[in-house]
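A quick write-up on the structure given underneath.
Coordinate-derived values only; no laboratory data. These numbers come from a predicted model, not from an experiment. Ideal geometry is used to build each Cβ from the backbone, glycine not excepted, and the neighbour counts take in all protein chains shown.
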Amino acid sequence: MKNTINGAIVFAFLCLFPQHSISEETNSLRVEINGGNFVQEHHIHAFGESLKFEYSQVNLRVGKWHYGQFSFPVEFAYSKVTQDWFGNYMAGINLIERWDVVDCFYVQSHVGILCNDVYKNEYQRYIGSPVEFSLGAALGTRLNLPSDFSLVVEYKGEHISNAGLADRNGGLNAAGFIVGVGKRF
């Protein structure tokens, strides 16, 4: 609950700053680099122990973004699994659909595909295939800075699953905050 309140305060604070107008943003090429830590919502029980599945994610987003309307940047994501017991990595590509509700606040969803080595651990039931699918949603805010730079803060949840194509398909549901910087060209 405390993290949710802190996130709401950050969103409200960043929306107080003046932003670029929508016409300044139309058809501009944008690049964002961001990262954050994600945690499985439910504990995973293995060997009689309760373990949390956590991973740190770094993203590169690129695209012609049309602020004030829908835009479709591409995201290249790499995640380092923080407990080696589960595996080491997840890496993939996502297509994002973003809608800027107002100049400083956006809502987005994504669909993607990823490869991983987590499936090799047969004691967990959440990820059972070397190729998995990713679905997600996020609420975010953007503070425009001088020289066409921006600061981005977002709260993102995602579901990773193989859609029943493998025997193990419990799915992984994780959420976390992402912080990053962007540049408009």
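Charging the Cβ of each Asp and Glu at -1 and of each Lys and Arg at +1, and nothing else, the dipole of the range 75-181 about its Cα centre rounds to 200 debye.
Projecting the Cα atoms of A163, S134, S147 onto the dipole axis of the range 123-177, where Lys and Arg carry +1 and Asp and Glu carry -1 at the beta carbon, places A163 farthest toward the positive end. Distance cut-off 27 Å, Cα to Cα: go down the list K52/K120; K80/K120; K64/K120 and report the pairs above it. Among K52/K120; K80/K120; K64/K120, the Cα-Cα distance tops 27 Å for K64/K120. Using only alpha carbons, the range 88-139 has a radius of gyration to Kirkwood radius ratio (Rg to Rh) of 1.16. Over all projection directions, the Cα-based convex hull of the range 74-185 averages an area of 7.4 nm². The alpha carbon radius of gyration of the range 130-171, expressed as a multiple of 2.2 N^0.38 Å, is 1.82.
Take the Cβ atoms of Y123 and V58, set R0 to 25 Å, and the FRET efficiency comes out at 0.40.
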